[in-house]
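Participant: I'd like to ask some things about the structure below.
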Amino acid sequence: MARPLIADIDLEALRHNYRLACSLAPDSRAVAVLKADGYGHGAVACALALQDIAPAFAVACIEEAVTLRVAGIRLPIVLLEGIFEAGELDQVEALGLWMAVHSDWQVEALLAHRPARPIPVWLKVDSGMHRLGFSPERAQTVWQRLASAPEHACDLHLMSHFATADLVDTGYFAGQMARLEALADRLGAPLCLANSPATLARAEAHGAWNRPGVMLYGSDPLERANEASRCLAPVMTLRSAIIAVRELPAGEPVGYGGRWTTPRPSRIGVVACGYGDGYDRHAADGTPVLVAGQRTAIAGKVSMDMLTVDITDIPEADIGSEVVLWGRAAGGEVLSVDEVARHCDTISYTLLTGVLPRVPRRYHGHGQTGTDPN
Ligand SMILES: Cc1ncc(COP(=O)(O)O)c(C=O)c1O
C-alpha cells in the first residue's frame, strides 16, 4: 500500500464558494485570488475549475502568472504586488497582465515604458494597513498623473487592503472605509477593496471588484461566523490513515519529550502525517482529528512523518482506518481547518499554504478527477 496521506481537493466546493462570494456582492465582480499556488490547493487546477465563472484571477507575482498562462489560462490576471523590477514590464505586457502599483518607482517605470497597449492598473492606497500603497493624499496626485497618461495606464481602479475586516469591532475598518470613500468621491474612481472577510460581512466595502481569497477554499476568516460564512464548504481534505496501534497502560509518555502521558490504559493510533508534510508541529495535545469519522485528538508532539492520536474511545479504529486532519470524512463529518488552526495558534492560511509538495493532491469534480494538472 502507498503511503496513505493525500490532499483531496473538491473543485465543486471551490465553485460553490466562489458563487457564494458573487451572490453576496451582486453588483461587484470577484477576482479569484489564486496566489501561493491557490492557497496550497493548486493554482492551475483551481483556475481551470473557475475560468468559466470568474472574470479574472489574482496572484502575488509574475512567476505565478506565468504558471497560469503556461497552463492555458487566458483570463486577466492581476499582479497584487505589481512588478518587482522595471524589467518585468515587458512580460506584463506580453502576458496581458493587470498590475497593482504601490510605489513611486513603479509609477516611474510604467511611465518610462512604451507599451503597445496601455496596461490596466490598480493603484494601491494605504488606507490604514500600513503595508503597501500610497497615502490617500499622495494617491490622488499619482492617480491624476496616471490618468493623464492613457498610453501607459488604462482601466484605473483604486485598490486597498483591510487590516481588521474580520473583527467584530468595526472601529478601525470604518476609519479605513471613510478615507477610501472620501478619496474615491474626489477622483470618481472605481474601487477594489474587499478581501474574504469584507466580502462576507462588510457590504459597504463591495466595489467594482472584490478580491476574495481564503473563503474560496472554504475557510471562514470571520472572528464571529455569520450566516454567509456558515455556508462555506471545505475544499481541501487532508486525509491519511492509521498505520500502527499501540496499547499502553496508564502513565506512559507518548512521542518526543513525552509531552503527553496516557491518563488511563490507552490505545494510540499512529497516523502517516507529520510536519514534513506541512502539518503544524505546534499542534497542541487536544487538536481535533477525525478517526473513522469520529472526533478525537492529537496526543503527543507531531513528528516529521507521523503523529499520534488517542483512539481509546473508538474501539473500531485500527490499522487502515481513515484519519482526516481537516476537511470532510468519507461519512460526511466535517472538521474545519479553522478549528485545527486555533489549536495550532495560527490561522487556516498557514495550514493550507503549508501542505508540502510531498503530499499528492487528488482532484475531484468539474471533470478534473485525478492528480495535479500542473
Ligand atoms: C492584496 C490582497 N488582496 C486580497 C487578498 C485575499 O485575502 P483573503 O484571503 O483574506 O480573502 C490578499 C491575501 O492576503 C491580499 O494580500
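Participant: Report, by residue number, each residue of segment 249-290 that is within 21 Å of the chain's Cα centre (by Cα) and farther than 20 Å from Gly354 by Cα.
Facilitator: Within segment 249-290, none qualify.
Participant: Could I ask something else about it? For segment 59-72, check the following and say yes or no: at least one residue is more than 15 Å from the ligand (Cβ to nearest atom), modelled with pLDDT of 95 or more and basic (Lys, Arg).
Facilitator: Scanning segment 59-72 turns up at least one residue that is more than 15 Å from the ligand (Cβ to nearest atom), modelled with pLDDT of 95 or more and basic (Lys, Arg).
Participant: In addition: Return a yes/no flag: does segment 173-192 have any residue that is touching a residue at least 60 places away in the same chain (Cβ under 8 Å), outside any helix (DSSP H, G or I), in the same structural domain as Pro26 (by TED's automatic domain parsing) and within 22 Å of Ala32 (Cβ to Cβ).
Facilitator: Yes, that holds for at least one residue.
Participant: Inspect all residues belonging to segment 80-96 and state whether any of them is among the hydrophobic types (A, V, I, L, M, F, W, C), within 17 Å of the chain's Cα centre (by Cα) and assigned by TED's automatic domain parsing to the domain that holds Asn17.
Facilitator: The answer is yes, given that some residue of segment 80-96 is among the hydrophobic types (A, V, I, L, M, F, W, C), within 17 Å of the chain's Cα centre (by Cα) and assigned by TED's automatic domain parsing to the domain that holds Asn17.
Participant: Something else about it: Let me confirm something: among Asp155, Asp166, Asp185, which residue is within 12 Å of the ligand (Cβ to nearest atom), of a type outside the set (Gly, Ala, Ser) and either over 23 Å from Ala109 (Cβ atoms) or over 23 Å from the mean Cα position of the chain (by Cα) (or both)?
Facilitator: Asp166
Table: residues versus (1) of a type outside the set (A, V, I, L, M, F, W, C); (2) touching a helix residue (DSSP H, G or I) at 6+ places or on another chain (Cβ under 6 Å); (3) in contact (Cβ under 8 Å) with a residue 12 or more places away in the chain.
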| residue | (1), (2), (3) |
| --- | --- |
| Thr199 | yes, yes, yes |
| Ser219 | yes, yes, yes |
| Arg239 | yes, no, yes |
| Trp260 | no, no, yes |
| Arg267 | yes, no, yes |
| Val271 | no, no, yes |
| Gly274 | yes, no, yes |
| Asp277 | yes, no, yes |
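Participant: Which residues, taken from segment 201-229, are among the hydrophobic types (A, V, I, L, M, F, W, C), out of contact with any Cys (no Cβ under 9 Å at 6 or more places or on another chain) and more than 9 Å from the ligand (Cβ to nearest atom)?
Facilitator: Of everything in segment 201-229, those that are among the hydrophobic types (A, V, I, L, M, F, W, C), out of contact with any Cys (no Cβ under 9 Å at 6 or more places or on another chain) and more than 9 Å from the ligand (Cβ to nearest atom) turn out to be Ala201, Ala203, Ala205, Leu222, Ala225, Ala228.
The values are calculated or read from the model by the stated rules, or taken from the named source; none is laboratory data. Worth saying up front: this structure is predicted, and the values here are computed from it rather than measured. With ideal geometry, Cβ positions are generated from the backbone for all residues, glycine too; neighbour counts draw on all protein chains shown.
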